[in-house]
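Here the structure comes first, spelled out in structure tokens, and everything after it is commentary.
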Amino acid sequence: MAEYLASIFGTEKDKVNCSFYFKIGACRHGERCSRLHNKPTFSQTILLQNTYQNPQSAAQVADGTSSAISDVEAQEHYDRFFEDVFLELEEKYGEIEEMNVCDNLGGPPCWQCLCQVPL
Ligand SMILES: [Zn+2]
């Protein structure tokens, strides 16, 4: 039995642990998920949830039409965000090994920022 449970841990067959959270560290149900979100006790990766708001997405959500912000302006907005967050995290945690900003393409606009710092 223990061997079977170990073999399905974090898979879609696992009725206890959330497979989405296990795979990508996020789940659309958030804290209301019926399955367990096993958070690591320590990690060199910092997750900053909902830290970036894409101005093009925000404009579309607000009035249902296409964005009035050009791709160039959106890129400049993103570059300023990235530099601000990168420099602040570097000041707080030391040298940053890698930083990624991710969009949620399968659900509501929800940008995550993942940052890897030295242990
Ligand atoms: Zn979940």
Looking at segment 1-23 only, could you name the residues that are basic (Lys, Arg) and within 9 Å of the ligand (Cβ to nearest atom)? none
Ala26: touching a strand residue (DSSP E or B) at 6+ places or on another chain (Cβ under 8 Å) and either away from the ligand (no atom under 11 Å from the Cβ) or touching a residue at least 40 places away in the same chain (Cβ under 8 Å) (or both), yes or no? yes
Can you list residue pairs whose Cβ atoms sit under 7 Å apart, with the first residue in segment 32-55 being within 16 Å of the ligand (Cβ to nearest atom) and the second being in a strand (DSSP E or B)? Count only pairs 6 or more apart in sequence or on different chains. Arg35/Asn17; Leu36/Asn17; Asn38/Asn17; Leu47/Gln112; Leu47/Leu114; Gln49/Gln112
Return the residues of segment 23-37 that are surrounded by 12 or more Cβ atoms within 10 Å (Cβ to Cβ), out of contact with any Lys or Arg (no Cβ under 9 Å at 6 or more places or on another chain), modelled with pLDDT under 90 and of a type outside the set (Lys, Arg); say none if nothing qualifies. Ala26
List the number of the failed condition for Pro108; all other conditions in (1) closer than 18 Å to Gln44 by Cα; (2) modelled with pLDDT under 85 hold. (1)
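The values are calculated or read from the model by the stated rules, or taken from the named source; none is laboratory data. Since the structure is predicted, the reported quantities are computational estimates derived from the model, not experimental observations. All Cβ positions, glycine included, derive from the backbone under ideal geometry; neighbour counts span all protein chains shown.
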